[in-house]
Amino acid sequence: MKKRIKGAWLLHHGRKLQATTNQDFDAISFSSKCGILLSAISGEQQTSILQQRMDALARANQISAKTEAPAILAELEKQRLIAKGKGGYEVLGITGQAVLEHTATIFEDSAPQSHERAVIDIAEKVSDEPITDRIASEMVGDTYKLPKAEAESALLLGEKIGFFDSEVISNNEKLLFNGNLFRRDNLKKVNAVLSSLKPDESKLVVELNERLQASGCLPLPVVTHLLGQALFDKLHSIGMLDVSVVGNDTGKTYFVTRPAAFSKFTNSIADDALDLAKALVASLTYGMTISSYSRGRIRMIEALMNRLIAGGSIGPATAIGNDYQALELKGVVEVKPAYGGMFYMKLLKPEVGRLALTVIQDGDITAESIQQLPGAAVTEYIHPEATREVKRKNSTQATKTSARNLLNEIRTGGLSK
């Protein structure tokens, strides 16, 4: 497995572990937090970060500034990615891809146990196609020389934490898969799903795919109205549709995208930069369509983005101080006060900006897509995997049965009929 892919899975698994008290995956948890903090504090250019800002970015990314950050910073120093400076740290300039690779290196240097390596390998395997827990257990046992009981225990624990999902297909067998199943635009998988649906359902799914290909994202109410709640739940449950959330103090707004919409611009199916780019697109589309001219409404997106990508600043504008708070917390942009309540903004991660601009120019974002965005600053972004996890936990038995059938179609290619 390539280091950047392994690093991406470590960040994925680490986010799942943050929601638990589990201590069985210490190397995954530690390396993931190192990667998360490194991503938040770094950009493509070397920069200086004061201790106060370092602590704030740690807390914003669910890392304790007092109990966890010191060990993480010590590791990043050991890896020669940061160095202590006057009142803070000097941070090496690195790209998002390099963050993933360094995360993988830290994992390997942390003496991971065999079961930790196993859940990373299985997560990658079941993102390509569903496999049974029996086959997965045999793979883990053979590869890592684990006794059958230990292999089965590792998989069960990984499933409960959320490293991958499962659906029961018989009294003694389950299918394992995860939400990255449709990251690659794989016609075979889509056709397998369509062939297992009723003709009228298949027609609706084809219509939705065409609309999403044309516009990139649609408000959730538009999609559920088109498909109906039951069919939408089936498709969302297996990862065929993504639901992202943008929010502020007035509430949250949900919108739907195809998992492959961003993947066509990158090779990594679990790259953390994708979520950062989605958050940037959400904020930019808000700025282009909802923010008022008096606050600093975006009118020439290409010129603005090219200036940011080239390392320049934009502003001053009042809106900059409010509309990009979610991106500030992720270390994507830096916002500085100007005068009269206005602010300047600089892009710290040009690769994220390049991806976001490509998506916008490609026609993947339209006015219809963002009419439902909240009419105030975008201060929160919730990535699609989190919303899918909530949906799966609250699924009815009918939805679970439908998901099982759809997954089995993908696995067998229709041979089960």
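The values are calculated or read from the model by the stated rules, or taken from the named source; none is laboratory data. This structure is a prediction, so every number in the text was calculated from the model and none was measured. Quick reminder, even Gly has a Cβ in these numbers, built from the backbone with ideal geometry, and neighbours come from all protein chains shown.
Miscellaneous remarks
- Which listed residue, of Ser137, Ser127, is surrounded by 22 or more Cβ atoms within 10 Å (Cβ to Cβ) and without any contact (Cβ under 8 Å) to a residue 24 or more places away in the chain: Ser137
- Scanning segment 19-29 for residues that are assigned to a helix (DSSP H, G or I), surrounded by 21 or more Cβ atoms within 10 Å (Cβ to Cβ) and of a type outside the set (S, T, N, Q) turns up just one, Ile28.
- Among the residues making up segment 272-303, those that are surrounded by fewer than 18 Cβ atoms within 10 Å (Cβ to Cβ) and either in contact with a strand residue (DSSP E or B) (Cβ under 7 Å, 6 or more places away or on another chain) or modelled with pLDDT of 75 or more (or both) are Arg295, Glu302, Ala303.
- In segment 68-112, the residues that are in contact with a strand residue (DSSP E or B) (Cβ under 9 Å, 6 or more places away or on another chain) and either aliphatic (A, V, I, L, M) or over 14 Å from Ser42 (Cα atoms) (or both): Leu73, Leu76, Leu81, Ile82, Ala83, Lys84, Gly85, Lys86, Gly87, Val91, Leu92
- The residue that is farthest from Lys125 (Cα to Cα), among those in segment 182-196 that are hydrophobic (A, V, I, L, M, F, W, C) and touching a helix residue (DSSP H, G or I) at 6+ places or on another chain (Cβ under 6 Å), is Leu194.
- Strands (runs of 3 or more DSSP E) wholly inside segment 40-94 containing at least 2 residues that are touching a Phe, Trp or Tyr at 6+ places or on another chain (Cβ under 8 Å) and not assigned by TED's automatic domain parsing to the domain that holds Gly312: 47-50, 82-85
- Test result for Gly363, on the phi > 0 side of the Ramachandran plot and modelled with pLDDT under 75: yes
- Residue in segment 157-166 that is closer than 23 Å to Phe30 by Cα, in contact with an Asp or Glu (Cβ under 8 Å, 6 or more places away or on another chain), of a type outside the set (D, E, K, R) and not assigned by TED's automatic domain parsing to the domain that holds Gly43 present: yes
- Only listed residue being free of Cβ contacts under 8 Å to residues at least 40 places away in the same chain and buried (at least 20 other Cβ atoms within 10 Å of the Cβ), chosen from Phe164, Phe177, Phe182, Phe232: Phe232
- Selection count where residues are buried (at least 18 other Cβ atoms within 10 Å of the Cβ) and in contact with a helix residue (DSSP H, G or I) (Cβ under 7 Å, 6 or more places away or on another chain), scope segment 145-160: 5
- Some residue of segment 82-103 being free of Cβ contacts under 8 Å to residues at least 60 places away in the same chain and closer than 23 Å to Gly239 by Cβ: no
- Residues that are within 17 Å of Lys160 (Cα to Cα) and either touching a Leu at 6+ places or on another chain (Cβ under 7 Å) or at pLDDT below 90 (or both) are absent from segment 43-58.
- Lone qualifier among Glu351, Glu368 - being surrounded by fewer than 18 Cβ atoms within 10 Å (Cβ to Cβ), modelled with pLDDT under 85 and part of a helix (DSSP H, G or I): Glu368
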